[in-house]
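One structure is given below, encoded as structure tokens.
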Amino acid sequence: MRASTVVRRTPGCSYPRTSSPCPEAPPEVSENPDLLVGFAVTTEDKTDVQQIYTDQSLGYVMGQTSVREYQEGTLILFFADPKEKQVIWQGSGTETFQNPSQQTVNERIGVAVKNILKDFPPKK
């Protein structure tokens, strides 16, 4: 089965390219693929506000408010039939982040892709 994009990897090099001895890896694009693979990413800034009230035995109520700001990211993977021009399978995963490093984001994307693809191919 041919995919729409295949990237050749050079042994000993990591991609995206991190050191100068590694050559650029231009994608090879089939003009007549059997399957198209695509993705979409969305992020949304969110705020979580929690108010906690406790009844004190002396007859008054004590309140506390907690505010947490974070981002929610969603990754959608899909496979499409290029001849029928229809999506044949789609999976998604959502994760929350609070000031993550780029390394953390990359690691969580890798985990999300594995979790999404655990249901692929679909069982008949």
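Any read-out appearing in this document is the output of simple, stated calculations on the displayed coordinates, not a laboratory observation. Since we're looking at a predicted model, the values are computed, not measured. Neighbour counts run over all protein chains shown; Cβ positions are idealised from the backbone, glycine included.
Taking label points 7 Å from Cα along the Cα-to-Cβ direction, LYS114 and VAL49 give a separation of 3.9 nm.
What's the FRET efficiency of VAL105 with ASP34 using the Cβ-Cβ distance as r and R₀ = 22 Å, to the nearest 0.05?
Computed FRET efficiency for VAL105 and ASP34 comes out at 0.10.
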